[in-house]
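> Got a structure here, written out as structure tokens. Questions coming.
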Amino acid sequence: MSPNTQPGSTGGEVSSATDGRGALDLSVRLGDLELQNPILTASGTFGYGLEFAPLTTLEQFGGLVTKGLSLAPRPGNPPPRICETRGGMLNSIGLQNIGIHAFLDDVLPGLADYPSQVIVNLFGTAQADYVALAELVDAQAGIAAVELNVSCPNVKKGGIEFGHDPKMLSGLVSAVRSATSKPVIVKLSPNVTSPAELAKSARDAGADMISAINTIIGMSIDTWSRRPRLHTVRGGLSGPAIKPIALRIVYDVVNAVDCPVIAIGGVEDVDDVLEFLIAGASAVQVGTALFRDPQRGPSLVDELESRLAEQGYSSVSDIIGSIVLPTPRDEEHP
Ligand code: SIN
């Protein structure tokens with residue numbers, strides 16, 4: 001169904017208004033990954049999922065992306081490792097996690113009770129680690145896809161080294177591609193000159209999807225003590241402050257690769273979700289907003305449904321990539 005346009009809008013056909021009732025299809029298909037709706041958790045903001053079961057309606061998320069998992073458990077960086085900033089927050093957790101074996105044994109069985117797809121975020125300090133992780137999860141029926149973390153700014157070794165270098169990224173992705181039949185998502189760093197170039201390298205090497213962006217490197221100082229607010233001095237900035245940057249990068253990546261793109265970066269409200277979808281993302285991860293309100297994900301699903309119905313859509317897929325760009329005629333206007 002064609003959308004109803006908003007007053008002042010320049011694009012799209014006007015169709016008869018709907019009353020918002022009836023079945024609106026929120027499901028999205030990203031290659032072999034099918035989600036009941038396009039709202040996922042962002043890795044590192046929602047633990048391993050189950051911890052949040054008492055606080056939110058887990059079953060309403062389209063997908064649950066785990067905290068980054070490594071082969072062995074990691075203690076992460078020393079505190080302080082989180083601080084608030086204007087319009088966002090800085091973190092330098094350092095990929096603290098329970099390790100893949102504890103996740104598979106103790107957490108994954110409990111996640112099977114929920115219809116949300118489980119995506120494991122994987123991290124290693126060497127290519128062999130990523131390959132071993134991918135092999136371990138390959139046989140796990142409860143895991144729908146893997147997301148490769150090649151973009152954490154908070155660790156000295158691993159991850160981001162791959163995400164900065166197209167050749168290393170390509171080698172890593174093709175090695176992981178051979179190690180698993182699960183869909184492979186590559187999570188990109190914004191802290192590079194051209195995320196779109198790295199997206200192309202990942203796609204050419206066999207990535208099924210790209211997710212973008214991870215946090216932007218930032219810093220904060222307490223002016224009374226003159227000490228950096230994070231033990232590691234620098235950390236990753238997330239939250240609404242980064243959304244326009246994330247939107248620009250997602251749009252560039254969408255135009256650079258022929259595969260689904262998952263948007264991440266500062267989503268707070270339904271307009272943020274819609275902006276990413278209109279720019280061409282097939283799904284959206286919600287992160288920092290969940291710290292304040294773990295129910296924000298499910299309420300965004302409800303708000304997305306109402307908003308699309310109000311605008312006359314019958315399927316969320318219809319809005320994906322529907323951006324209306326200026327035409328030469330628009331530019332003639334003063
Ligand atoms: C962290 O654990 O430091 C954050 C994870 C990430 O940025 O990938």
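> Could you give the nm distance between label points at Thr327 and Arg227, where each point is 7 Å from its Cα heading toward the beta carbon?
6.1
> Additional query: Express the relative contact order of the chain as a whole percentage, based on alpha carbon pairs under 8 Å and six or more residues apart in sequence.
22
> Net charge within 15 Å of Ala246 by Cβ-Cβ distance, Lys/Arg positive one each and Asp/Glu negative one each, not counting Ala246 itself?
Net charge around Ala246: -3.
> Using DSSP, restrict attention to beta bridges with both residues in the chain and report what percent are antiparallel, rounded to the nearest 5.
40
> Please provide three numbers in whole Å: the alpha-carbon extents of the range 215-277 along the principal axes, with the largest listed first.
48, 24, 13
> Longer than 18 Å from Cα to Cα, which of Lys67/Lys187; Lys67/Lys167; Lys200/Lys243; Lys157/Lys182 are they? Say none if no pair is.
Long pairs (Cα-Cα over 18 Å): Lys67/Lys167; Lys200/Lys243; Lys157/Lys182.
> Quick check on the range 7-331: take the gyration tensor over C-alpha atoms, sort the square-rooted eigenvalues as a ≥ b ≥ c, and tell me if it's rounded (a/c under 1.5), prolate or oblate.
Cα axes put the range 7-331 in the rounded bin.
> Non-local amide H neighbours of Ile82 (under 5 Å, H modeled in plane, Pro and chain starts lacking H): which ones?
Ser92
> Given the options Leu148, Leu198, Leu50, which has the most mean-square fluctuation in a GNM of the chain, springs set between C-alpha atoms less than 10 angstrom apart?
In this elastic network of the chain, the residue with the biggest mean-square fluctuation among Leu148, Leu198, Leu50 is Leu50.
> I need the peptides 77-88, 278-289 ranked by packing, meaning the mean over residues of other C-beta atoms within 10 angstrom, with the highest value on top.
278-289, 77-88
> Another question, then. Dipole size in debye (nearest 20) for the chain around its Cα centre, Lys and Arg Cβ +1, Asp and Glu Cβ -1?
The dipole of the chain has a size of about 1500 debye.
> Related question: How large is ³J(HN,Hα) for each residue in the range 227-235, as worked out from phi by the Karplus curve 6.51 cos²θ - 1.76 cosθ + 1.60 (θ = phi - 60°), to whole Hz, x for Gly and Pro?
Using θ = phi - 60°, the values come out as 9, x, 6, 10, 4, 7, 6, 9, x Hz.
> Using r as the Cβ-Cβ distance of Arg248 and Asp105, and R0 as 35 Å, what FRET efficiency do you calculate, to the nearest 0.05?
After rounding, the FRET efficiency stands at 0.25.
> Continuing with this model, one more query. What does DSSP give for the range 184-256 in terms of the percent of beta bridges that are antiparallel, rounded to the nearest 5?
Beta bridges within the range 184-256, antiparallel portion: roughly 65 percent.
> A further question on this structure: Using a basic spin-label model with each label point 7 Å from the Cα along Cα→Cβ, how many nm lie between Asp25 and Asp302?
In this crude label model, Asp25 to Asp302 measures out at 2.5 nm.
> Quick one: with all protein chains in place, what share of the accessible area of the range 45-173 is carbon or sulfur, to the nearest percent (1.4 Å probe)?
Percent of accessible area from carbon and sulfur atoms in the range 45-173: 57.
> Using the Kirkwood formula over every pair of different C-alpha atoms, what hydrodynamic radius in Å results for the range 262-327?
Taking the inverse mean of 1/r over all distinct Cα pairs, the range 262-327 comes out at 12.3 Å.
> Follow-up. Need one number: % antiparallel among DSSP beta bridges in the range 99-237, to the nearest 5.
Restricted to the range 99-237, the bridges split so that about 35 percent are antiparallel.
> Calculated from DSSP H runs of 4 or more alone, at -39500 (n - 2.57) each and per residue, what is the 222 nm mean residue ellipticity of the chain, nearest 500?
Calculated mean residue ellipticity at 222 nm is -8000 deg cm²/dmol.
> Between the range 24-92 and the range 109-128, what is the separation of their alpha carbon centroids in Å?
So the two Cα centres are separated by 11 Å.
> Taking the solvent-accessible surface of protein heavy atoms with a 1.4 Å probe, what is the per residue accessible area of the chain in Å²?
With the other protein chains kept in place, the chain gives 44 Å² per residue.
The values are calculated or read from the model by the stated rules, or taken from the named source; none is laboratory data. Remember, it's a predicted structure, so these values are computed and weren't measured experimentally. Methodologically, a virtual Cβ is constructed for each residue, glycine included, from the backbone with ideal geometry; neighbour enumeration extends over all protein chains shown. Keep in mind that these areas ignore ligands, DNA and RNA; they rest on the heavy atoms of the full protein, side chains included. Shrake-Rupley method; radii C 1.70, N 1.55, O 1.52, S 1.80 Å.
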